[in-house]
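Asks: Handing you this structure, nothing more for now.
Rule-based calculations on the coordinates, nothing more; no lab input. Values in this document were obtained by computation on a predicted structure and should not be read as measured data. So basically every Cβ, Gly included, is an ideal-geometry build from the backbone, and we count neighbours across all protein chains shown.
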Amino acid sequence: MRIAVSSQNYRTVTGHAGKARRFIVFEAGGLEPPREIERLDLDANMAIHGFDQGAAHPLDSMKVLITGGAGEGFVRNLATRGVLVVATNESIPLLAVEAFLDGRVKSASDGCNHDHSDLDGEGHAHGGNTCSCNS
């Protein structure tokens, strides 16, 4: 299974996935631990936010995309492409992939368990992360 992690600096999991252009791609499955197999560095016009929904995209080959935050539109868009979006607080890409594989993180569309009183009017937490839940 191919898993992409949004990482604008190729060192940490980053948010704003709809505008992200850099992703670390992991291969996971079987008895082998997940391993990095590729780094995507997409042109500005390839960020999902504003990308033509009908056109093929490099993220189409992923089963899962792990990010620090994503909006509902991004989650829906990737779902139509067959990609599950998962939000995590983990900052290390490999550990985020391992947490997903161990069932310790949930789909961004599964809701959340935080207090929305700390979000601004656009769904952003004071720390800059986006709530991806449907509440």
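Asks: Under the condition of being touching a residue at least 60 places away in the same chain (Cβ under 8 Å) and within 16 Å of T67 (Cβ to Cβ), which residue from region 12-31 is surrounded by the fewest Cβ atoms within 10 Å (Cβ to Cβ)?
Replies: T12
Asks: Does region 32-72 hold any residues that are over 13 Å from K19 (Cβ atoms), out of contact with any strand residue (DSSP E or B) (no Cβ under 7 Å at 6 or more places or on another chain) and surrounded by 11 or more Cβ atoms within 10 Å (Cβ to Cβ), and which are they?
Replies: P33, H57, D60, E72
Asks: Kindly provide the set of residues from region 60-85 that are in contact (Cβ under 8 Å) with a residue 40 or more places away in the chain, small (G, A, S) and either part of a helix (DSSP H, G or I) or within 13 Å of R2 (Cα to Cα) (or both), ordered by number.
Replies: Listed by number, the residues that qualify are S61, G73.
Asks: Could you tell me which residue of region 1-59 is nearest to the chain's Cα centre (by Cα), considering only residues that are part of a strand (DSSP E or B) and among the small types (G, A, S)?
Replies: Looking at the filtered set, the residue picked out is S6.
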